[in-house]
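The values are calculated or read from the model by the stated rules, or taken from the named source; none is laboratory data. Predicted model only: the values in this text are computed from it and were never measured. Virtual Cβ from ideal backbone geometry, glycine too; neighbours counted across all protein chains shown.
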Amino acid sequence: MGLIKEMQVDKLKVKIYETRQELGENAAKEAAAKIKELIASKGEINIVFAAAPSQNEFLASLVTDKEIDWNKINAFHMDEYVGISKDAPQAFGNFLRDRIFGKVPFKSVNYIDVSTKDPEKECERYAALLKKHPADIIFMGIGENGHIAFNDPPVADFNDKKVVKVVELDERCRQQQVNDGCFATLDEVPKYAITLTVPTLMSADYIFCMVPGKTKTEAVTNTLKGEISTACPASILRKHDNAILYIDKDSGKGVLNE
């Protein structure tokens, strides 16, 4: 079946696929084409990656593309827990190292330091790196509560003055980490994280957003049908000039019949 439907909500392009596998493979194919196009025109580019199970099929497919000149790409990630062990598999840097950062020869891989003793200082360090290497492309997902990166509804700010900030994670966001199988219990999920802010994410020239699965139906529906507000931070994607949302029939259930 593959692509079931295409639509547009405000500026946001939406592509709905039959399965999460087809979603991941097709998003990767389109992302790879954009990467090659930008490298051809700019010589070197900067990409920010998300670490979440929703990205698995996409990342697995992207790393197989033999034509991408990875050594012309500086890689970043969009968020990281505070106060988690450097070796923890749940650490987002480790998640991405296992799936892409350690599998292809990037020009540079820029990790947020999960073991930092001074999170505010780490935010400043990472913000300086991002200012030096502004994002050309962001690969991301949407959380069950509508968050993008770790900008949960209580802390999301569409006019944030910061580039990177420390946030307290809301309970629904932390529960999602348990639902995703990343942690066994809610108590194990860290309470704080470092995240790129909403304006930093929106400043990228291109955004590819991959959101499969029935646990994301409500978030996708609110993103596309609700008001553009921090009650559902992902709704801001509808204002981006070059953003594509890839969903499957499970996550897209609330909009399939539009």
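Restricting the search to strands (runs of 3 or more DSSP E) fully inside the stretch 1-104 and requiring at least 3 residues that are over 18 Å from the mean Cα position of the chain (by Cα) and in contact (Cβ under 8 Å) with a residue 12 or more places away in the chain gives 3-9. Within the stretch 113-128, the set of residues being among the small types (Gly, Ala, Ser) and either part of a loop (DSSP other than H, G, I, E, B) or touching a strand residue (DSSP E or B) at 6+ places or on another chain (Cβ under 8 Å) (or both) comprises 115, 127.
Filter the stretch 172-189 for residues that are polar (S, T, N, Q) and part of a helix (DSSP H, G or I); which is surrounded by the most Cβ atoms within 10 Å (Cβ to Cβ)? Within the stretch 172-189, the match that is surrounded by the most Cβ atoms within 10 Å (Cβ to Cβ) is 176. Taking the stretch 56-81 as the range and being buried (at least 20 other Cβ atoms within 10 Å of the Cβ) and either modelled with pLDDT under 95 or over 21 Å from residue 133 (Cβ atoms) (or both) as the test, the residues that pass are 57, 58, 81. Residues that are crowded, with 22+ Cβ neighbours inside 10 Å, in a helix (DSSP H, G or I), touching a strand residue (DSSP E or B) at 6+ places or on another chain (Cβ under 6 Å) and not basic (Lys, Arg) do not occur anywhere in the stretch 160-170. Pairing each residue of the stretch 115-134 that is under 22 Å from residue 83 (Cα atoms) with any residue that is in a helix (DSSP H, G or I) and not small (Gly, Ala, Ser), provided the two are 6+ apart or on different chains, yields C-beta distances under 7 Å for 116/122.
Would you check if residue 131 is among the basic types (Lys, Arg), modelled with pLDDT of 95 or more and either part of a helix (DSSP H, G or I) or in contact with a His (Cβ under 6 Å, 6 or more places away or on another chain) (or both)? Judged against the criteria, residue 131 is a match. The selection criterion, being farther than 30 Å from residue 40 by Cβ and in contact with a Lys or Arg (Cβ under 7 Å, 6 or more places away or on another chain), does not hold for residue 85.
Applying the selection to the stretch 138-183, what residues are of a type in the set (Gly, Ala, Ser) and at pLDDT 95 or above?
Taking the stretch 138-183 and keeping what is of a type in the set (Gly, Ala, Ser), we get 141, 143, 146, 149, 156, 181.
Answer for the stretch 138-183, where residues must be of a type in the set (Gly, Ala, Ser) and at pLDDT 95 or above: 141, 143, 146, 149, 156.
Test residue 145 against the criterion of being in contact (Cβ under 8 Å) with a residue 60 or more places away in the chain, touching a Cys at 6+ places or on another chain (Cβ under 8 Å) and of a type in the set (S, T, N, Q), and give yes or no. Quick ask: steps written out before the conclusion?
Details: in contact (Cβ under 8 Å) with a residue 60 or more places away in the chain: yes; touching a Cys at 6+ places or on another chain (Cβ under 8 Å): yes; of a type in the set (S, T, N, Q): yes.
Answer is yes for this residue.
Take residue 125 and decide whether it is under 23 Å from residue 169 (Cβ atoms), within 16 Å of the chain's Cα centre (by Cα) and either at pLDDT 95 or above or buried (at least 18 other Cβ atoms within 10 Å of the Cβ) (or both). Answer is no for this residue.
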